């Protein structure tokens, strides 16, 4: 396995994280059963092919599983300008006073203060860019409570690489299939606010959770409201020039205590997903238990808390490819991806999972 020192001394560029993925390996639908997904065990020098429901046997009594308990909201909303031009909003976060932050897809950007007519009979006034004049997102004020409007009139925000809409319909007029509503959500989702699911946790079902408890593996949770920015491509070859998106996180006091107790006993911290590891390492780096994070983890990063990572397979040239390479070693991770492609693993949000151990 690649050593930490060799990764730390190497200068990585965007091209280092590229690979060729056959399009048919991009999962368009979830597996019939959550825990029936495949699990690539990458904790050894050579990959081992498993099924996800085997996970409890790969962990140890005294380990602490940390989940992201965010809940995906129906963040995709449709509407039109007074001129009749169609538009789409993807809500990133809800602010006070019925304001929201959103991505906007429209042929011609409307001027500030224009009031948009949204499907469902409510309005959205454009207030400007966010978080500043150079921001890539937009701030709107709804004339009704945003969470209620999303629940009543919004749609499941499936990732852009799922090349279908929830009902196989067209871009503007569609409904959500019961399958997507249920399966693009973890079984323990609790706190509404995400525009994308913490996908590594989608594999957990009641059977796996019961087996983990019987094994003596403890559970804790953090919250990171995953934004659609997680799918934003890195456009600069020089990684130092990339600007990360902001996401809100929180590490509850009970989780802080559970982590301290686990470390004191010699147990391992097992992060379920890249959103969890970003939350925990943001807290470890800043000392702030809640707030916005823009943490960008690349090879050479010094992890302070997490020992084991459960993660899905990520897009070429993505910040998440950089994160997992930083965690388990660049050469090791790229070898695992070559194996996964050769063995026809399913990729991305509805795809299979991988188990990784932190470089020592």
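The values are calculated or read from the model by the stated rules, or taken from the named source; none is laboratory data. Here the structure is a predicted model, which is why all the values come from computation and not from measurement. Cβ sites come from the backbone with ideal geometry, for glycine too, and all protein chains shown count toward neighbours.
Inside segment 31-46, residues that are under 24 Å from the mean Cα position of the chain (by Cα), surrounded by fewer than 20 Cβ atoms within 10 Å (Cβ to Cβ) and part of a loop (DSSP other than H, G, I, E, B) make up a count of 4.
From the list 320, 309, the one residue that fits, being in a helix (DSSP H, G or I) and under 25 Å from residue 27 (Cα atoms), is 320. Residues of segment 241-252 that are buried (at least 16 other Cβ atoms within 10 Å of the Cβ) and out of contact with any helix residue (DSSP H, G or I) (no Cβ under 9 Å at 6 or more places or on another chain): 248 alone.
Residues are listed down the side, and each one gets a yes or a no for (1) more than 17 Å from residue 225 (Cα to Cα); (2) under 25 Å from the mean Cα position of the chain (by Cα); (3) surrounded by fewer than 16 Cβ atoms within 10 Å (Cβ to Cβ):
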| site | (1), (2), (3) |
| --- | --- |
| 83 | yes, no, yes |
| 92 | no, yes, no |
| 97 | yes, no, yes |
| 104 | yes, yes, no |
| 112 | yes, no, yes |
| 124 | yes, no, no |
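If you go through segment 231-260 and pick out every residue that is touching a strand residue (DSSP E or B) at 6+ places or on another chain (Cβ under 8 Å) and either closer than 21 Å to residue 196 by Cα or in a helix (DSSP H, G or I) (or both), you end up with 11. Among the residues here, residue 267 qualifies as over 26 Å from residue 318 (Cα atoms), touching a residue at least 24 places away in the same chain (Cβ under 8 Å) and not in a helix (DSSP H, G or I).
In the set 303, 327, 296, which member is over 22 Å from residue 45 (Cβ atoms) and either assigned by TED's automatic domain parsing to the domain that holds residue 223 or not in a loop (DSSP other than H, G, I, E, B) (or both)?
On the way: 303 fails: over 22 Å from residue 45 (Cβ atoms); 327 fails: over 22 Å from residue 45 (Cβ atoms).
Answer to the selection: 296.
Taking the listed residues 286, 274, 255, the one that is more than 19 Å from the chain's Cα centre (by Cα) and surrounded by 14 or more Cβ atoms within 10 Å (Cβ to Cβ) is 255, with no other qualifying.
Being touching a residue at least 24 places away in the same chain (Cβ under 8 Å), more than 30 Å from residue 139 (Cβ to Cβ) and in contact with a strand residue (DSSP E or B) (Cβ under 9 Å, 6 or more places away or on another chain) narrows it down to one of 66, 73, so name that one. Quick ask: steps written out before the conclusion?
On the way: 73 fails: more than 30 Å from residue 139 (Cβ to Cβ).
Within the list 66, 73, the selection yields 66.
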